[in-house]
Amino acid sequence: MKKKIKVAGCVTLYNSDEKVFDSVNTYIEKIDRLYVIDNTPERDIKKQFEQFKKIVYVPNKENLGVATALNIACNLAIKDGFDFILTMDQDSEFQIGEVDKLIKYVNTNNMTKIGIVSPWHELNRKKNRPSIEVEEMIEVMTSGNFLNLNIYKKIGGFLDDYFIDCVDIEYCMRLNKLGYKVLRLNYCTLNHKLGEAKKYKIGKREVYTSNHNYIRKYYITRNTLAFYKEYKQYFKERCDYFKRGISSMIRKVIIFEDDKFRKLRSIYRGYKDYKKGIFGKYPYKN
């Protein structure tokens, strides 16, 4: 009989409000411990989490980035003897019964070569769900994933130098490159908000823009170019798709989005810093 897998969870906070408790309540009863990694500068809200007995609250008191927050949680979970960790965004939530589908899968299948099991992400935009129940993926978004900590130890953690954006893409591509699988359970759903996405109509065509702020545009540009260089020989079609996304992002900023000058300048800075090998936290004050 297969040993039952021990599952922890983590959620990264940044300027979160009380709505985060509603999200946490959709999955906390299904896991054994939840590591709350707070990247909000100069904040310690430990008392607000005392109602949850399973929570370990970690106040970084500065924004260390998504990658570092995930690594903090994963290393705590490994130290505490967990096999998998559920990685959550602060505004993502499960419907009743959906976490159970992920838990059942990891408990009833051979997980020695499976690095991530992901749900289908129900986004605030139209996307057709595939009919296949379990699908092998090149990359998935971080939120809602069951991450195999044994494999995490073997391949290394998330890249701290990325800080935010493309952190999940790079990790998944590294898994695939090293012979591990990233699976998506298309019959399991996570409600996930995709930034400040907006929809525009051009005739019969619908166009979606992310409306990320200028700092996020910097990270998206710099980090996309970085993982493109690293993985294009292994996943050319997918890497080309993401690289074309930079051109698409520029067009959408020009046509649809506000704060055009700062966003376009940040995209250019991201390109220049990638060429210079400058990574880490956004290095500009404006």
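Data for the structure
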| item | result |
| --- | --- |
| Enumeration of residues in region 97-118 that are touching a residue at least 60 places away in the same chain (Cβ under 8 Å) and out of contact with any Lys or Arg (no Cβ under 7 Å at 6 or more places or on another chain) | 98, 101, 102, 105, 106, 108, 111, 116, 117 |
| Test set (1) on the phi > 0 side of the Ramachandran plot; (2) among the small types (Gly, Ala, Ser); (3) under 20 Å from the mean Cα position of the chain (by Cα) - residue 81 fails condition number | (3) |
| Candidates 179, 270 - the one that is buried (at least 20 other Cβ atoms within 10 Å of the Cβ) and touching a residue at least 40 places away in the same chain (Cβ under 8 Å) | 270 |
| Residue within region 135-144 that is over 21 Å from residue 75 (Cα atoms), modelled with pLDDT of 95 or more and over 15 Å from the mean Cα position of the chain (by Cα) present | yes |
| Residue count for region 30-83, restricted to those that are part of a helix (DSSP H, G or I) and at pLDDT below 95 | 4 |
| Restricting region 273-283 to residues that are closer than 17 Å to residue 165 by Cα and without any contact (Cβ under 8 Å) to a residue 60 or more places away in the chain, the residue that is surrounded by the fewest Cβ atoms within 10 Å (Cβ to Cβ) | 277 |
| Options 256, 261, 242; residue that is crowded, with 20+ Cβ neighbours inside 10 Å and either modelled with pLDDT under 95 or not assigned by TED's automatic domain parsing to the domain that holds residue 119 (or both) | 242 |
| Strands (runs of 3 or more DSSP E) contained in region 98-206 and holding at least 3 residues touching a Pro at 6+ places or on another chain (Cβ under 9 Å) and either assigned by TED's automatic domain parsing to the domain that holds residue 11 or acidic (Asp, Glu) (or both) | 181-191 |
| Filter result (more than 29 Å from residue 259 (Cβ to Cβ) and hydrophobic (A, V, I, L, M, F, W, C)) within region 176-212 | 178, 182, 183, 185, 188, 190 |
| Whichever residue in region 119-144 is among the charged types (D, E, K, R) and without any contact (Cβ under 8 Å) to a residue 60 or more places away in the chain and, among such residues, is surrounded by the most Cβ atoms within 10 Å (Cβ to Cβ) | 135 |
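The values are calculated or read from the model by the stated rules, or taken from the named source; none is laboratory data. The structure displayed is predicted, hence computed values, not measured ones. Heads up, the Cβs are rebuilt from the backbone with ideal geometry, glycines too, and the neighbour counts pull from every protein chain shown.
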